[in-house]
1. What's the total number of residues in region 406-439 that are touching a strand residue (DSSP E or B) at 6+ places or on another chain (Cβ under 9 Å) and crowded, with 19+ Cβ neighbours inside 10 Å?
2. Is there a residue in region 442-458 that is within 16 Å of the ligand (Cβ to nearest atom), within 25 Å of residue 231 (Cα to Cα) and either in a loop (DSSP other than H, G, I, E, B) or out of contact with any strand residue (DSSP E or B) (no Cβ under 7 Å at 6 or more places or on another chain) (or both)?
3. Test each condition in (1) away from the ligand (no atom under 12 Å from the Cβ); (2) surrounded by 24 or more Cβ atoms within 10 Å (Cβ to Cβ) for residue 504 and report the one that comes out false.
4. Regarding residue 498, is this residue within 16 Å of the ligand (Cβ to nearest atom), in a helix (DSSP H, G or I), more than 18 Å from the chain's Cα centre (by Cα) and touching a residue at least 40 places away in the same chain (Cβ under 8 Å)?
5. Here's a check for you: in region 507-520, which residue that is in a helix (DSSP H, G or I) and closer than 18 Å to residue 238 by Cβ is farthest from the ligand (Cβ to nearest atom)?
6. Are any of the residues in region 284-301 within 23 Å of the chain's Cα centre (by Cα), assigned to a helix (DSSP H, G or I) and touching a residue at least 60 places away in the same chain (Cβ under 8 Å)?
7. Return a yes/no flag: does region 521-538 have any residue that is touching a residue at least 12 places away in the same chain (Cβ under 8 Å), within 30 Å of residue 404 (Cα to Cα) and within 16 Å of the ligand (Cβ to nearest atom).
8. Just one of the numbered conditions (1) in the same structural domain as residue 516 (by TED's automatic domain parsing); (2) out of contact with any helix residue (DSSP H, G or I) (no Cβ under 6 Å at 6 or more places or on another chain); (3) more than 16 Å from the ligand (Cβ to nearest atom) is not true of residue 470; which one?
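The values are calculated or read from the model by the stated rules, or taken from the named source; none is laboratory data. Remember, predicted model here, so these are calculated numbers, not experimental data. Note: ideal-geometry Cβ built from the backbone for every residue, glycine included; neighbour counts use all protein chains shown.
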Ligand SMILES: [Zn+2]
């Protein structure tokens, strides 16, 4: 992915439209030396003129397009909602009723938390830990968390088939380390207070609520103690551990897995992938050693927590106060219309997407993108052939993998069928849960069946892109094919420095420290000679070091956590640069607006990363996000780009300068 995938964003007005200048000097600060701080040279006036609105924690080019998209989606919702006679069961009826029920705060406030009572009763019926499998299966199928995560995905060693996967889970703070480090003590105290407040909102007295919250923190700390870190989880070999259901059952004798899977809605199967076997074995002891009442309180907490934004305003506000305000520094809630719009988009994404592309995605964009991708593929192929550190044998396999990369642009060939998803005008909570059950059924039905190669894992309106190692494919939703990434009116330099780098980024993921472990068919299958793998690792360690050294507002970036994304950024820049050099425009080498084509390429790259971020959000992102902060993606990555030095005359005394032997060159 080019950015973290779970941001919920929105806004108040389209800022970039057709006719957008290719490079807008008003956003730059020409008084800043590009050799000292290229990020601010490209963006300083934009950064000054676009302070973070109080309802955001970060605000940048991605947010701007998201805001513009939200207005388009809002129009779509308005348009379909205007049809009061939409047939029951039609997509229009579903979109209309989902949105309206979500906006009906009078009904939502009247209901309070009454819609949670059936789940509380379910939990209260747990009289014996031996019944936990049944209860947890039911709760998971309703979208509530607890103890671990189970769900279908491709079998990494047989990429044509879908199998069940088990992963660590059950935490409520964003990261394992938040439970374990000294520096997070205040966060844990605030967390206990928050859980206690939520329990008081469902009628438990203050003293009891506090005691329950403390016991829940202890239980979650045990889970955290047995969890892998984010860096450890990045190793696909480590998280692939095929087991038979019999073996799984032997590793956790006190938890009934067949009953669990049955109640979670899964069909019968014989084997599965256990992502974190040590965590799963530890679970047995954790369940044995935890008091039955604490397990019940923990599961009730998970029900409340998972529902907070759908309940009456006091739950919603308390949840916001801890998770958005305290943890990330967001000052106020997003307006309700935007939150419900995003929820509608979340539950009916492809239905909205279909209407979105009909109106807003020209066929010409798809053709131009496909041509760009083809040029980038050629450029990466040439780069692989020219690598001085890789043997001919491995090069041949890399080129074969490259030639097999599948490309999807704009929107899926086959749309998701929502006919089994029921939406009513009555209850927002029920509509969301009916979506969760519909998705759960859809997902679980995949187990034991061939992978559907037509499926998309982002909706067309998403402003992002991805590489799937198991499908060996790159996917560019319609949403990202807009300025400043893709501007039909701009020169090639600007488009190659924008969407070209995004395309190269996704392609490079097929060859980053994770992606390189998968073959051309998407199987986790080592195709490297040992010497080539060693040389690759030496080179990537150079990049780890460069990012570890890079500091932003007192925080060092985690070079290991962000390695895959940093490899992809650097590869993307190199590939897009080479592809651009093949164009007639680059060969003509004519300056425009006072910038050479090379300068325009890099300014365009700097521009897509314009972004303001709050201190707390920056601190959290550095811990959680596999992507480096925007400023580092510009100021650190470009330090390893030889052509950048020529384009802006970077000298050893400049801040952007990195010693040639310290620079990273991988792809
Ligand atoms: Zn990425």
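1. Taking region 406-439 as the starting set, the residues that turn out to be touching a strand residue (DSSP E or B) at 6+ places or on another chain (Cβ under 9 Å) are 406-411.
Then keep just the ones that are crowded, with 19+ Cβ neighbours inside 10 Å; that gives 408-411.
The total comes to 4.
2. Keep residues of region 442-458 that are within 16 Å of the ligand (Cβ to nearest atom), which gives 457-458.
Going one step further and asking which of them are within 25 Å of residue 231 (Cα to Cα), we end up with 457-458.
So of that shortlist, the ones also either in a loop (DSSP other than H, G, I, E, B) or out of contact with any strand residue (DSSP E or B) (no Cβ under 7 Å at 6 or more places or on another chain) (or both) come out as 457-458.
Yes, there is a match, as at least one residue in region 442-458 is within 16 Å of the ligand (Cβ to nearest atom), within 25 Å of residue 231 (Cα to Cα) and either in a loop (DSSP other than H, G, I, E, B) or out of contact with any strand residue (DSSP E or B) (no Cβ under 7 Å at 6 or more places or on another chain) (or both).
3. Of the numbered conditions (1) away from the ligand (no atom under 12 Å from the Cβ); (2) surrounded by 24 or more Cβ atoms within 10 Å (Cβ to Cβ), the odd one out for residue 504 is (1).
4. Working: within 16 Å of the ligand (Cβ to nearest atom): yes; in a helix (DSSP H, G or I): yes; more than 18 Å from the chain's Cα centre (by Cα): yes; touching a residue at least 40 places away in the same chain (Cβ under 8 Å): yes.
Yes; evaluated as a whole, the condition is true for this residue.
5. To start, the set of residues in region 507-520 that are in a helix (DSSP H, G or I) comprises 507-509, 515-517.
Next, only the ones that are closer than 18 Å to residue 238 by Cβ stay: 515-517.
Numbers: 515: 10, 516: 14, 517: 16 Å.
Restricting to residues being in a helix (DSSP H, G or I) and closer than 18 Å to residue 238 by Cβ, the top hit is 517.
6. Here is the first cut: in region 284-301, the residues within 23 Å of the chain's Cα centre (by Cα) are none.
The answer is no; no qualifying residue exists.
7. no
8. Condition (3) is where residue 470 drops out.
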